[in-house]
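Data first, discussion second: the structure below is written as structure tokens.
The values are calculated or read from the model by the stated rules, or taken from the named source; none is laboratory data. Quick caveat: nothing in here was measured; it's all calculated off a predicted structure. Positions of Cβ are generated from backbone atoms using ideal geometry, with glycine treated the same way; all protein chains shown enter the neighbour counts. These accessible areas exclude ligands, DNA and RNA; they are computed on the full protein's heavy atoms, side chains included. Shrake-Rupley method; radii C 1.70, N 1.55, O 1.52, S 1.80 Å.
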Amino acid sequence: MKARIALFLGLNLLDTALTWVVLLQGGAEGNPVLRFMGAVSPLKILVWKLSTMAVVLLALSALRRLAWLTWVNVGLAVICAWNIVAIVWGAIR
């Protein structure tokens, strides 16, 4: 379980860094909540990510569903892959 939690934290931090790179390249934020909040600074994005990470971990723990982190991590990995594609696409355009 510790490995799933560590992967969850790592993927979220990777997503935060990749999102910032996409924004620096002139890309758009894909998360509608962050777009609505006008999160255009690394600090705002990081605060949002840390907050949502805490809420997800607390909720899954309270519901005794930490095993669901496997699927959450798969989703985060897909998001990170999408960000990498956006970065590469932006670099070759």
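Some values worked out for this structure:
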read-out: Distance (nanometres) between label positions extended 7 Å along Cα→Cβ at Thr52 and Val33; value: 0.6
read-out: With Cα atoms, 0 to 90° folded angle of helix 2-24 axis to the chain main axis; value: 20
read-out: Accessible surface of Arg35 - all protein chains present, 1.4 Å probe, nearest 10 Å²; value: 130
read-out: Acute angle (nearest 10 degrees) that the helix 42-62 long axis makes with the longest principal axis of the chain, alpha-carbon atoms; value: 20
read-out: Principal axis dimensions, largest first and in whole angstrom, of the chain by Cα; value: 45, 25, 17
read-out: Max mean-square fluctuation residue, GNM over the chain, Cα-Cα springs under 10 Å, options Trp48, Trp71, Trp20; value: Trp71
read-out: Val21/Val74 FRET efficiency (R0 25 Å; Cβ-Cβ; nearest 0.05); value: 0.70
read-out: Surface/4 of the Cα convex hull for the range 1-55, nm²; value: 3.8
read-out: Rounded accessible area per residue of the chain, 1.4 Å, Å²; value: 67
read-out: Test item: Cα-centred dipole of the chain, Lys/Arg +1 and Asp/Glu -1 on Cβ, debye; value: 240
read-out: Residues listed by number, the range 1-30, amide nitrogen under 20 Å from Ser41 label point at 7 Å toward C-beta; value: 16-30
read-out: GNM top mover of Leu66, Leu43, Leu13 - the chain, alpha-carbon springs below 10 Å; value: Leu43
